[in-house]
Amino acid sequence: MNKTEKQQLKEEILRKKQEKSIYIIAHYYQRSEVQEIADFVGDSYAMALAARDSESEIILVAGVDFMAETAAILCPDKIILSPEPAATCPMANSISAEHIRTYRELHPDTLVVTYVNTPAEVKAVSDVCVTSSNAEKIISRLPEDKKIYFVPDQNLARNIARGLDREITAYDSACPIHAVVTKDEIIKLKAEHPEALVLVHPECDPEVVQLADYAGSTAGILNKVVKSDEKIFIIGTESGIFHAIQKQCPEKQLILASKELICPNMKSITLSKIKYSIDDLETPITVPGNIARQAAVALEKMIELASEK
Ligand code: SF4
């Protein structure tokens, strides 16, 4: 698609979404052109709140499947559309509700803390959900006499446990995209750019996080660059964040910590798919009532604990 065609498609989407009062929320890992036509761009936590707080009755979620499911759980009276229902998250799919039920039977004194990057069925059997932007705060508010089982991202679990000095048992899975960032790569890039700040996502390996100047959610990384007086940054998260950062700070130099920090599932959402989704109101995402109700309890608990002062 050439530049003119892309621009025409964008204009058509903007016009039609206004006509149909469709609110588009997109994740920071989306393609630049998708972020540009969105009403709201944010990380998983901010997307969940944006869906819940939107006045529109139809919400299109430009993100992977668990993000659309989360919106459907938090907004049972709204129509939630996914422009690409096959866009999924391999880490989210690595864990099952059955595994958690079995774990609970064997460890009844344990709280199950579930990363929002999971299917609705898994959230439904969890005590509380977390995102990378609120996990540390939420876990620090859980009773200290309870053991914590964190699923499914072991890197996030290990990074939080170190920050909180609290023992956390983690499920054995990780984001295949953030896992590509290596300690050696960071050391090499740091040697090439000694003045650069290293900012990474806590889904990266703890060895990588230990070398970083800052580890935090995608929104946290964005804010750090925007507020910093430094000029060069080595970024250890998915490449889509560059668009949002450069929009606010075009003068800053960003270096991706690995060329492979590109999530194919996030990038599978295109303008053409969004246009089709708006035209035909496809594909509506629903979560079965009993699962949605139970998952909503874990999600609302997250929102409640994350909002506490
Ligand atoms: S970046 Fe990682 S955690 Fe996020 S959707 Fe892609 S595979 Fe899943």
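Neighbour counting of Cβ atoms within 10 Å sorts the residues L222, L14, fewest neighbours leading, into L14, L222. Could you compute the net charge surrounding K252? Neighbours are other residues with a C-beta less than 9 Å from the C-beta of K252; K and R count +1, D and E count -1. Once all neighbours under 9 Å are counted, the net charge is -1. When the Gaussian network model of the chain links Cα atoms closer than 10 Å, the mean-square fluctuations of H178, H99, H243 top out at H99. Leaving out same-chain residues fewer than 8 places away, which lysines sit with a Cα under 17 Å from that of K16? Qualifying lysines at Cα under 17 Å: K6, K273, K275.
A straight chain from Q7 to V226 at 0.36 nm per residue would run longer than the Cα-Cα distance by 76.1 nm.
Percent of C-alpha pairs per 10 Å bin in region 95-233, short distances first: 12, 39, 30, 14, 5, 0.
In straight-distance terms, cross-link reach from K252 covers every one of the lysines whose alpha-carbon lies under 19 Å from its own, apart from those fewer than eight places away in the same chain; here that gives K190, K224, K227, K231.
The share of alpha-carbon pairs in region 178-262 lying farther apart than 21 Å comes to 17%.
Within the same chain, aspartates and glutamates fewer than 8 places from K247 are excluded, and of the rest, those with a Cα less than 18 Å from its Cα are E33, E36, D39, D43, D229, E230, E238.
For the pair R101 and I187, the difference between a 0.36 nm per residue extended length and the Cα-Cα distance amounts to 26.8 nm. Taking other C-beta atoms within 10 Å as the exposure proxy, C129, C263 rank C263, C129 from fewest upward. Secondary-structure-derived ellipticity at 222 nm for the chain, considering helices only, amounts to -13000 deg cm²/dmol, per-run term -39500 (n - 2.57) for DSSP H runs with n ≥ 4. Taking the number of Cβ atoms within 10 Å of each Cβ as an exposure proxy, the fewest-first ranking of E144, E260, E36, E69 is E144, E260, E36, E69.
Any read-out appearing in this document is the output of simple, stated calculations on the displayed coordinates, not a laboratory observation. Just so it is clear, the structure is predicted and the values come from calculations on it, not from any experiment. As a convention, Cβ positions derive from the backbone with ideal geometry for all residues, glycine included, and neighbour counts pool all protein chains shown.
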